[in-house]
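The block underneath contains the structure these notes are about, expressed in structure tokens.
The values are calculated or read from the model by the stated rules, or taken from the named source; none is laboratory data. Just so it is clear, the model here is predicted, and its values are computed rather than measured. Methodologically, a virtual Cβ is constructed for each residue, glycine included, from the backbone with ideal geometry; neighbour enumeration extends over all protein chains shown. All accessible areas refer to the heavy atoms of the entire protein, side chains included, with ligands and DNA or RNA removed. Shrake-Rupley method; radii C 1.70, N 1.55, O 1.52, S 1.80 Å.
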Protein chains: 2
Amino acid sequence: MSAFDELMAFQRDTQALGQIAGRLGWDQETMMPRGAAPQRGEEMAAIEAVLHARRSDPRVAEWLQQAVAPNEAGEAQLREIRRSYERTVKVPADLAKKIAQVTSEAQGKWAAARADEDVAAFVPVLEEVVALKREEGLALAEGGDVYDAMVEDYEHGMTGAGIAEIFDAMRPGLVELRAKVLEKPAPKMLQGTFDEAAQMKLTRKLAKVFGYDMAHGRVDKAVHPFSSGSGLDVRITTRTSETDPFNCFYSTIHEVGHGAYEQNISRDYLLTPLGSGVSMGVHESQSRIYENQIGRSRAFTGWLFEEMKGAFGDFGIADADAFYATVNAVHKGYIRTEADELQYNLHIMLRFGLERALMSGDLAVKDLEGAWNERFEADFGYAVDKPSNGCLQDVHWSVGLFGYFPTYSLGNVYAGCLYQALRRDVPGLDAQLAQGETRGATAWLKENLQQHGGLRSPRDTIIHAAGMEPGHQPLLTYLEEKFSTIYDL
Amino acid sequence: MSAFDELMAFQRDTQALGQIAGRLGWDQETMMPRGAAPQRGEEMAAIEAVLHARRSDPRVAEWLQQAVAPNEAGEAQLREIRRSYERTVKVPADLAKKIAQVTSEAQGKWAAARADEDVAAFVPVLEEVVALKREEGLALAEGGDVYDAMVEDYEHGMTGAGIAEIFDAMRPGLVELRAKVLEKPAPKMLQGTFDEAAQMKLTRKLAKVFGYDMAHGRVDKAVHPFSSGSGLDVRITTRTSETDPFNCFYSTIHEVGHGAYEQNISRDYLLTPLGSGVSMGVHESQSRIYENQIGRSRAFTGWLFEEMKGAFGDFGIADADAFYATVNAVHKGYIRTEADELQYNLHIMLRFGLERALMSGDLAVKDLEGAWNERFEADFGYAVDKPSNGCLQDVHWSVGLFGYFPTYSLGNVYAGCLYQALRRDVPGLDAQLAQGETRGATAWLKENLQQHGGLRSPRDTIIHAAGMEPGHQPLLTYLEEKFSTIYDL
């Protein structure tokens with residue numbers, strides 16, 4: 001066997017073990033008996049140790065030195081394996097262990113602090129986490145920017161400055177649009193209760209309508225919806241609320257975006273580094289374009305309105321135009337995960353600015369709450385009322401996720417670019433969506449983006465599919481047009 | 001760290017990875033999307049390779065040489081680790097790979113031959129399997145008996161001769177009892193259909209009634225019921241048939257026997273070699289005593305009769321005595337998995353004799369069908385009508401399972417011994433069971449057997465719990481008394 005083939009065979013087993021670890025995570029959120037948690041912790045640690053040993057195996061370095069790629073995809077495979085290997089060996093094992101230990105502890109302290117509305121109780125442990133993550137960032141950056149090194153983990157090739165450029169360009173327009181919309185009367189809300197079994201029935205229909213392949217996936221319930229797995233076994237979850245069926249339906253469509261991306265990657269890349277979505281941002285672009293640009297469009301919601309009437313009878317909405325406004329209603333609120341399509345990016349941009357400043361040292365943890373509240377009022381127009389609605393609302397920082405938040409809005413930015421290209425390339429899209437027919441859109445996304453998996457960098461993936469550099473303008477224009485129509489601006 | 005502690009820490013991770021591999025098997029039979037099979041095959045192979053490497057890791061041999069056990073349980077841990085290590089390294093890797101390959105192929109050929117009723121099509125590949133398994137047996141036996149070496153994998157300390165002694169002593173009595181029973185009129189059968197959701201509801205109640213801990217387990221449906229996992233995450237499955245609710249209920253009680261055994265092992269042994277059921281035979285003793293001696297007793301079926309009337313209304317059985325006869329009905333039949341409590345052991349003894357002869361070379365594969373049919377007619381009193389009802393009915397031999405079949409009947413033999421001791425130690429047992437109260441029985445089994453896991457050998461486990469050497473007499477006496485009463489012999 002050639003060095004390339006030996007490396008790919010070794011890597012294939014590593015990928016397979018990674019799939020197993022991922023499925024353990026799925027099981028934990030969906031099927032695991034509640035008393036099994038302590039044992040599960042040991043199981044996860046054991047398989048993570050196996051994965052770490054394989055990812056940093058010295059033979060990988062040797063194979064990488066000798067391997068000759070047979071083609072372009074092979075070169076991309078080597079590039080991804082090299083990136084993963086170098087990333088893994090840069091971080092000292094002791095530091096990785098310490099981070100795992102402190103973040104585990106910090107997560108518990110964060111939950112308690114949030115429940116008690118007590119920022120001061122969280123500050124010391126978050127200071128520890130920030131210090132350790134900066135140490136890790138210094139090791140990864142090798143003299144470069146610490147925050148850039150963190151972004152690299154989630155959106156390789158992107159930098160803090162590159163993100164700031166996009167976000168800074170988008171912010172004034174979003175703040176202005178939000179202010180105008182919130183001066184207008186709020187749309188009507190759904191009335192009554194919605195049978196949860198009927199929600200699950202319609203949610204499975206929606207998953208199929210959006211091209212999710214049930215032969216290579218399944219839909220279950222979880223407290224926090226997610227998608228899990230690559231290749232031939234890609235599972236999604238959703239949730240139900242008796243009074244808020246949109247939560248169920250749009251969680252499902254969102255997760256189908258993630259899941260269909262994984263399912264649609266070329267089978268040639270199965271169990272290889274190219275066989276998963278290329279980055280968090282590109283992944284989010286798929287979930288967001290399914291959920292928002294397609295799923296919350298006037299055309300598609302017209303079809304959904306009829307489906308919901310068939311499933312639930314009358315729920316107090318007179319016609320499809322009113323339903324469209326209800327689906328896209330913009331409300332005041334403090335919580336990122338409950339935010340609408342318009343305000344969501346303001347939440348992210350706030351977090352991006354703060355975490356970048358924490359990592360550069362420009363912001364001290366003890367000043368985080370003040371900085372959060374100040375920025376929130378500037379962008380949202382009203383003050384944070386309590387820490388659980390402010391800087392204690394997200395788990396991310398407590399578990400050491402820095403550089404991750406901006407990928408949510410990068411996904412929206414990418415989705416804006418892709419949607420512009422999609423509308424250009426697929427004439428009659430609205431007429432299709434009005435019939436509940438998404439194949440025109442999903443086939444375009446599969447052909448131009450999803451099938452390629454990790455072949456190109458995140459940026460080149462978007463350029464290849466959308467025919468343009470990722471930038472804020474398509475998203476901002478789309479949001480301005482959409483909410484101007486709905487709110488009669 | 002001492003060599004003992006290092007070895008135990010290493011072993012703990014191996015056990016945790018073994019639990020993960022087992023849960024993948026559970027997932028495959030219950031949750032896995034149907035199109036995921038090819039990927040799952042690679043995943044299983046990858047984790048099995050990791051496990052094999054750990055089980056044969058040269059460091060284990062070094063630690064075993066240096067380790068000093070701190071107590072009796074520690075000595076038992078070392079004994080079990082040594083047994084597993086020596087077993088693993090005795091079989092050459094090439095041979096293990098070849099066996100995996102040929103048995104995978106043989107399983108497909110067996111299924112096709114069974115469908116076509118074509119023994120000749122199966123003979124060549126079974127010859128290959130038998131030759132390879134004998135080669136493996138010779139490597140394991142190191143000059144000893146090949147079949148004994150195979151039995152050691154499933155029931156360590158037991159031998160082919162030891163099993164033959166028990167089975168030979170039991171066979172005439174069973175054949176005679178079977179003949180007498182089948183001369184009598186058959187009990188009434190259940191009438192009507194039984195809602196499958198109502199079956200699952202009652203089956204979950206039965207699981208709880210038998211002490212299955214839902215905080216550390218779950219009940220799902222599978223084509224072939226099984227139990228999976230050890231320690232804090234022990235899952236069972238059952239199945240439903242619209243016309244045969246007993247299939248559901250007694251599959252559940254059987255699997256609860258397996259599952260409760262795993263759940264009740266001392267937490268001190270969690271993720272250690274002592275933390276699982278000690279052998280296949282002892283495991284089967286638990287499933288069988290739950291299912292048969294307790295679950296099919298006159299006392300317990302009296303309670304179940306009322307429960308079933310409550311769940312399903314009238315099903316054509318007049319009273320609890322008639323219901324007891326229906327539950328324990330003995331029918332003619334060819335298929336082991338459908339056999340009743342009385343005839344089941346005849347099926348096993350037949351297979352034991354034949355597979356032992358195959359391994360010793362006294363029986364050639366080409367003569368297997370003739371030998372099967374001859375023995376069947378001698379023990380059951382009528383001739384096999386077609387190969388799918390004869391020597392092609394079980395998957396076991398095609399996948400290389402030799403030495404496994406006898407553990408089913410050893411389990412029944414052990415259950416006979418345990419039940420005799422249980423009745424001696426728990427006065428008023430029947431009065432409890434008649435109220436659907438199994439705690440007297442299950443607490444006795446936990447205290448005297450289950451909690452000890454792998455601390456003692458299978459034989460010593462039974463001696464410790466039952467206070468007697470394992471032998472056929474208690475089982476035979478129990479069966480004679482039970483079926484004499486039911487059939488008025």
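Some notes on this structure:
- Lone unmet requirement of (1) closer than 28 Å to residue B:343 by Cβ; (2) more than 22 Å from the chain's Cα centre (by Cα); (3) in contact (Cβ under 8 Å) with a residue 40 or more places away in the chain; (4) in a helix (DSSP H, G or I) for residue B:172: (3)
- Any chance residue B:35 is in contact with a His (Cβ under 9 Å, 6 or more places away or on another chain) and open to solvent by less than 70 Å² (accessible area, probe 1.4 Å): yes
Conditions tested, residue by residue: (1) outside the structural domain of residue B:323 (by TED's automatic domain parsing); (2) of a type in the set (A, V, I, L, M); (3) within 27 Å of residue B:278 (Cβ to Cβ).
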{"site": "B:424", "(1), (2), (3)": "no, no, yes"}
{"site": "B:431", "(1), (2), (3)": "no, yes, no"}
{"site": "B:444", "(1), (2), (3)": "no, no, yes"}
{"site": "B:449", "(1), (2), (3)": "no, yes, yes"}
{"site": "B:452", "(1), (2), (3)": "no, no, yes"}
{"site": "B:460", "(1), (2), (3)": "no, no, yes"}
{"site": "B:464", "(1), (2), (3)": "no, no, yes"}
{"site": "B:472", "(1), (2), (3)": "no, no, yes"}
{"site": "B:479", "(1), (2), (3)": "no, yes, yes"}
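- Within the stretch A:32-60, tally of residues that are within 11 Å of chain B (Cβ to nearest Cβ) and free of Cβ contacts under 8 Å to residues at least 24 places away in the same chain: 17
- Number of the exception - residue A:277 against (1) in a helix (DSSP H, G or I); (2) in contact (Cβ under 8 Å) with a residue 40 or more places away in the chain; (3) buried (at least 23 other Cβ atoms within 10 Å of the Cβ); (4) in contact with a Gly (Cβ under 9 Å, 6 or more places away or on another chain): (1)
- Look at the stretch B:324-338: where a residue is over 20 Å from residue B:185 (Cα atoms) and a partner is among the hydrophobic types (A, V, I, L, M, F, W, C), sitting 6+ places away or on another chain with Cβ atoms under 8 Å, you get B:336/B:348.
- Top-ranked residue of the stretch A:201-210 - restricted to ones that are part of a helix (DSSP H, G or I) and buried (at least 17 other Cβ atoms within 10 Å of the Cβ), ranked as nearest to the other protein chains (Cβ to nearest Cβ): A:207
- Total residues in the stretch B:211-242 satisfying the condition of being within 12 Å of chain A (Cβ to nearest Cβ) and farther than 24 Å from residue A:38 by Cβ: the figure is 0.
Table: residues versus (1) in contact with a Leu (Cβ under 6 Å, 6 or more places away or on another chain); (2) among the charged types (D, E, K, R); (3) part of a loop (DSSP other than H, G, I, E, B); (4) surrounded by 18 or more Cβ atoms within 10 Å (Cβ to Cβ).
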position	(1), (2), (3), (4)
B:332	no, yes, yes, no
B:337	no, no, no, no
B:350	no, no, no, yes
B:353	no, no, no, yes
B:356	no, yes, no, yes
B:385	no, yes, yes, no
B:403	no, no, yes, yes
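- With respect to being outside the structural domain of residue A:49 (by TED's automatic domain parsing), crowded, with 17+ Cβ neighbours inside 10 Å and closer than 24 Å to residue A:60 by Cβ, residue A:81 falls outside the description.
- Hey, residue A:74 open to solvent by less than 40 Å² (accessible area, probe 1.4 Å) and away from chain B (no Cβ under 14 Å) or not: yes
- Pairing each residue of the stretch B:366-393 that is free of Cβ contacts under 8 Å to residues at least 60 places away in the same chain with any residue that is of a type in the set (Gly, Ala, Ser) and in a loop (DSSP other than H, G, I, E, B), provided the two are 6+ apart or on different chains, yields C-beta distances under 9 Å for B:372/B:390; B:373/B:383; B:373/B:390; B:376/B:383; B:376/B:390; B:377/B:383; B:384/B:390; B:389/B:333.
- Evaluation of residue A:85 against (1) closer than 22 Å to residue A:453 by Cα; (2) in contact (Cβ under 8 Å) with a residue 40 or more places away in the chain; (3) more than 14 Å from every other protein chain (Cβ to nearest Cβ); (4) aromatic (Phe, Trp, Tyr) (one fails), failing number: (2)
- Residue count for the stretch B:382-406 under the criterion of being under 15 Å from the mean Cα position of the chain (by Cα) and not β-branched (Val, Ile, Thr): the result is 8.
- Test result for residue A:252, hydroxyl-bearing (Ser, Thr, Tyr), closer than 18 Å to residue A:337 by Cα and not in a strand (DSSP E or B): yes
- Residue match in the stretch B:83-99 (condition: among the hydrophobic types (A, V, I, L, M, F, W, C) and under 24 Å from residue B:231 (Cα atoms)): no
- Residue check for residue B:12: facing chain A (nearest Cβ under 9 Å), within 22 Å of residue B:62 (Cα to Cα), open to solvent by 20 Å² or more (accessible area, probe 1.4 Å) and touching a helix residue (DSSP H, G or I) at 6+ places or on another chain (Cβ under 9 Å): yes
- Here residue A:72 does not fit the description of being of a type in the set (Asp, Glu) and within 26 Å of the chain's Cα centre (by Cα).
- Failed condition for residue A:265, given (1) within 13 Å of chain B (Cβ to nearest Cβ); (2) over 23 Å from residue A:21 (Cα atoms): (2)
- Subset of the stretch A:304-322 [surrounded by 18 or more Cβ atoms within 10 Å (Cβ to Cβ) and within 14 Å of residue A:206 (Cβ to Cβ)]: A:304, A:305, A:308
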